[in-house]
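All of the numbers you see were taken from the coordinates with simple rules; none came from a lab. Computed from a predicted structure; not experimentally measured. Backbone-built Cβ (ideal geometry, glycine too); neighbour counts: all protein chains shown.
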Amino acid sequence: MDSRERVIAALERRPVDRVPIFMWFHPDTARHLSELLEIPARYVGDAMGDDIHQTWVNNNFAMEGITHENDGETHQDDWGIVWERQFGFNQIVHYPLKDSSREHILAYRFPYDRMEGLFAPMSALADTNDGYFLGCDVSPCVYEMYWRLRGMEDALVDMVDAPDLAREMFRRCADFAVRLSEEACTRYELDWLWTGDDVASQEAMVFSPRVWRALVKPELQRIFSVGIRHGLPVAYHCCGALRPIIPDLIEMGLDVLNPVQASCPGMDPLELKQEFGQQLSFMGGVDTQYLLPLGTETEVRRATARLLEGMTGDGGGYILAAAHSIPPETPDANIFAMYDEAGVSRQEIYDRAATMRTRLATK
């Protein structure tokens, strides 16, 4: 099977040669693996066995797609948000609508005039895609986009003290994601539409499911509906303990849930699989807080084997992935052990990297 065939078969609960994989790496982890495999960091995922090619067209590109060499380096994105690299990750240090008046907030304009630039990485990926499952990420979609503009505290206060303002800005955030989704589905031969909106912490929802249903759900539904109209599976990313709204997401037409953060209440992957596995596919579940960085190689093997057995026992509906990016303190042995349990040996990874080096040398 090639990668695209493998992912499609898994989502359709048909037999696969091995479980599909889509792993994310902390920038420092990717840099280390690139040195180990002697290939550029952008090819690490392919060498390791990732089956999905995907990039961002919304504000997540500013967070994850722009990398800095050193902590303290900054950039301002097309939304007016300023990011600074802190401990290897880009963090927001300026919110353009923080402490703003209602009039200033409502006067804010999304970067519709920067559309071609936002799509440039996706176009480059689609043009060079060869046998991979192709996705387009239009996240963050609603609440998360608003708090990046307004600051989390102000955004939450708006939801309580000025719900009409929050509702209007959520609508505008969703309008932009809908536009990006429509453009992406028209421009590219996508295999799924990837959405996302972090609305949960590691202990519970950030706000009540009732509030989510009233303010966020209708707008997120509009974005899901774009993928559904184009006949694509819809994937959704939300970290944390979002168990209370999983039935809502299924009702909305969700196909794939990520990242299944197993350390959070109600998010045990095997329990979710048992309860929702007939209606929903899952991507994630490998713990990056304790198991990968702190566990032994034997513990990683056992946990990965148990996860794979439980998540694929009904024939599929699962993509192997970590619950977050693999941290730089993760031992190499643990990374390779996880892949080996999924059917991708260390030798296969090194051989694929060697092939890449040869191909790059002839370009």
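Quick notes
- Taking the Cα atoms of the chain, the ratio Rg/Rh between the radius of gyration and the Kirkwood radius comes to 0.95.
- Here the stretch 62-125 is treated as an ellipsoid with the same Cα gyration tensor; its semi-axes, largest first and in whole Å, are 23, 20, 6.
- Volume per residue of the convex hull around the Cα atoms, evaluated for the stretch 28-109, comes out as 102 Å³.
- Projected-area mean, the stretch 264-305, by convex hull of Cα positions, square nanometres: 3.3 nm²
- Residues of type lysines that Lys98 reaches as a straight line, Cα spacing below 27 Å, ignoring anything fewer than 8 places off in the same chain: Lys217
- Charge dipole magnitude, Cβ of K and R +1, D and E -1 - the stretch 53-159, Cα centre, debye nearest 20: 280 debye
- The stretch 141-237: equivalent-ellipsoid semi-axes (sqrt of 5 x gyration tensor eigenvalues, Cα, Å): 25, 14, 11
- Within the stretch 235-308, the chymotrypsin sites (Phe, Trp or Tyr not before Pro) that combine a DSSP coil assignment with at most 12 other C-beta atoms in a 10 angstrom radius are Tyr290.
- Under the criterion of Cα pairs below 8 Å and six or more residues apart, the relative contact order for the stretch 240-363 equals 24 percent.
- Ranked from largest, the principal axis spans of the Cα set of the stretch 78-223 equal 50, 33, 31 Å.
- The stretch 85-169: radius of gyration over Cα atoms, expressed as a fraction of 2.2 N^0.38 Å: 1.39
- Shape parameters for the stretch 205-309, alpha-carbon atoms, Rg then Dmax in Å: 15.2, 46
- Calculation over all alpha carbon pairs of the stretch 264-363 in 10 angstrom steps from 0 returns a P(r) of 15, 40, 30, 12, 3, 0 percent.
- Our summary gives the stretch 42-98 a relative contact order of 23 percent, counting only alpha carbon pairs under 8 angstrom and 6 or more residues apart.
- Using C-alpha pairs under 8 Å with a sequence gap of at least 6, the mean separation divided by the residue count of the chain gives a relative contact order of 20 percent.
- Of Pro20, Pro327, Pro40, the one that fluctuates the most in a GNM where the chain has Cα springs shorter than 10 Å: Pro40
- The stretch 1-147, Rg to Rh (Cα coordinates; Rh as Kirkwood inverse mean 1/r): 1.03
- Under the Debye formula (equal points on every Cα, no solvent term), log10 I(q)/I(0) of the stretch 306-363 at q = 0.23, 0.24, 0.26 Å⁻¹: -1.01, -1.04, -1.08
- When the stretch 5-45 is reduced to its Cα atoms, the Kirkwood hydrodynamic radius in Å: 11.8 Å
- Comparing Ser123, Ser325, Ser100 in a Gaussian network model of the chain (Cα springs below 10 Å), the most mobile by mean-square fluctuation is Ser100.
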